[in-house]
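This report concerns only the one structure given below.
The values are calculated or read from the model by the stated rules, or taken from the named source; none is laboratory data. Just so it is clear, the structure is predicted and the values come from calculations on it, not from any experiment. When we count neighbours, we look across all protein chains shown, and the Cβ atoms used for this are built from the backbone with ideal geometry, even at glycine. Just the protein is used for accessible areas: all its heavy atoms, side chains included, with ligands, DNA and RNA removed. Shrake-Rupley method; radii C 1.70, N 1.55, O 1.52, S 1.80 Å.
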Amino acid sequence: MAALDNEQLSLSIQDFEVIGDGTSRMRVIMTNESLDNGFFVRELGVFAEDPDTGEEQLYSYSNAGDQPDFLPA
C-alpha cells in the first residue's frame, strides 16, 4: 500500500515518544470542528519521510473493517 483508500482528514503529530522496546507512541488530536459532513473513521495511516529519498511514504496502516466509529460534523 502506498496511500489510504479514502483520506478524510490529515492530522499533525502533537507529541512523540520512543518507548524503548522497538515501539513508539504518537499523539494526535482529531476534532470535527472543520467538518461539513460526518464520516466513518475506517482507516488510519501514519506517513513518514524516508531519510534516504526525502519522500513521504505510508509507514503504518490500520483498518476498522466493518466496525468503524462515526465522526459527526
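Table for the structure above
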read-out	value
Count of residues meeting criterion [over 18 Å from residue 3 (Cβ atoms) and among the charged types (D, E, K, R)] in segment 34-73	4
Extreme residue, surrounded by the most Cβ atoms within 10 Å (Cβ to Cβ), among residues of segment 41-54 that are in contact with an Asp or Glu (Cβ under 7 Å, 6 or more places away or on another chain) and of a type outside the set (A, V, I, L, M)	43
Inter-residue pairs, beta-carbon under 8 Å, first touching a residue at least 40 places away in the same chain (Cβ under 8 Å) and in segment 30-44, second loosely packed, with under 10 Cβ neighbours inside 10 Å and in a loop (DSSP other than H, G, I, E, B), 6+ apart	32/72
Test: residue in segment 62-73 that is open to solvent by 100 Å² or more (accessible area, probe 1.4 Å), at pLDDT 95 or above and acidic (Asp, Glu)	yes
Qualifying positions in segment 9-36 - in a loop (DSSP other than H, G, I, E, B) and either open to solvent by 90 Å² or more (accessible area, probe 1.4 Å) or among the aliphatic types (A, V, I, L, M) (or both)	9, 10, 11, 19, 21, 29, 30, 33, 34, 35, 36
